[in-house]
Amino acid sequence: MSSIPAPVLWTVIIGLAVGSYALRFAFIGFMGGRPIPDWLMRHLRYTAVAIIPALVAPLVLWPAPTGGDPSLMHFAAAAATFAAGYLTRNVLFGLGTGGLSLLLLYLAA
Amino acid sequence: MAITTTKSAFWKGFRDSAPFLFMASPFGFLFGVLAAEAGLIVPEAFAFSLAVFAGAAQFTALQLMQENAPLIIILISALAVNLRMAMYSASLTPYLGDAPMWQRALAAYFVVDQSYALSIVQFEAEPKMPLPQRMAYFFGTNGLITPAWVIATALGALVGTRIPESWGVDFVLPLAFLAMIGPMLRTPAHVAACFVAVAASLPASALPYNLGLIVAGIAGMVAGAQAELWLERQKAKSEAAK
């Protein structure tokens, strides 16, 4: 079991709790009615949709279960998950499709 | 239907949020299962969900902790995923910004995707809604979701400790991220941000300390912002040509 050291875990939990709260409180608490600049809003809109794909792409191409060797099976399950999520616009359909295809591929292999 | 009292505003928010239960509960449960697989005990997973209360950022932190990424990279990456909360906060300010400080301070904790999406639709549909009712509606949208998220995490962590290692759930976390991406791609600019981030992340993964994630994330973010500007200019041009 890949155990995470307790000091690391608690630093992450506390750091994220404080940081996330600060982000949420930033405007509603401090800014009053002042508008935030357009350029900032424009970049904020694309952070999640940039970071999450950047995190996931290497995990799909070099999957952990095979020790990092590219695997058609894992790639296919990943493609099915993404396609289902994109087409239905629903996270759960995507996840269900991905889980199912991973299971089928395991059984077929 | 116009809302008549503060109490009924709360309950309308409560009812409107019910469909989101089917989203929040399974995702909270999955976070609990994966947290347990990563070695977190039930109180740790529970505290994580209660204190941070942001699904995508929690999954990001969990993945990076398992990769033994440096602390600072874990925090920057997970908070970057949460930057949209600042955008929600800014967008709610014209509607809730005049409430007493203690209410705003409490409301800030509850700014999540669901409460934001429901509230902004409600506030725009009924611009005459008085401030106390707006606040009540906003808190109402969290009346179900917040307990569901935290309880589902704890249940998931309880179940997760019983799942044998051999089941190979270590590919489930990437799948969870992939399922989240599809619904995020709402405009061509979102697609551009995603595409550039993916293209950059593969060579950048050779960088030490998981720095590649930050580099690729910034590249994607800038690509999205530039694509949005470009699309606006194209639209303005075609309108001017008419």
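Every number in this text was worked out from the coordinates using simple rules, so none of it is lab data. Quantities reported herein were computed from a predicted structural model and do not represent experimental measurements. Cβ: placed from backbone, ideal geometry, glycine included. Neighbour counts: every protein chain shown.
Would you mind getting me the FRET efficiency between B:Leu202 and A:Asp38? Use the beta-carbon distance for r and R0 = 35 Å, nearest 0.05.
Values: r = 32 Å, r/R0 = 0.90.
Efficiency at R0 = 35 Å is approximately 0.65.
Give the relative contact order (percent, whole number) for segment B:127-242; include only Cα pairs under 8 Å separated by 6+ residues.
The value is 19 percent.
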Per-residue Cβ contact counts at 10 Å, fewest first, order A:Ile51, B:Ile41 as B:Ile41, A:Ile51
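Going by C-beta contacts inside 10 Å, put B:Thr6, B:Thr146 in order with the fewest on the left.
Placing the least packed residue first, the sequence is B:Thr6, B:Thr146.
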How much length is gained if the chain between B:Glu67 and B:Ile163 is pulled fully straight, taking 0.36 nm per residue apart and subtracting their Cα-Cα distance, in nm to one decimal?
32.5 nm
Provide the gained length on full extension for the span B:Gln103 to B:Lys237, in nm with one decimal, where the gain is 0.36 nm per separating residue minus the Cα-Cα distance.
43.7 nm
Relative contact order of chain A, pairs being alpha-carbon contacts under 8 Å that are 6 or more residues apart, as %
13 percent
Residue separation between A:Val18 and A:Ala83 times 0.36 nm, minus their alpha-carbon distance, gives in nm 19.9 nm
Ranked list, fewest to most other Cβ atoms within 10 Å of each Cβ, for B:Glu37, B:Glu67, B:Glu44
B:Glu67, B:Glu44, B:Glu37
Let me have the 222 nm mean residue ellipticity of the protein assembly as shown computed from DSSP H runs of 4+ only, each contributing -39500 (n - 2.57), with the sum over all residues rounded to the nearest 500.
-25000 deg cm²/dmol
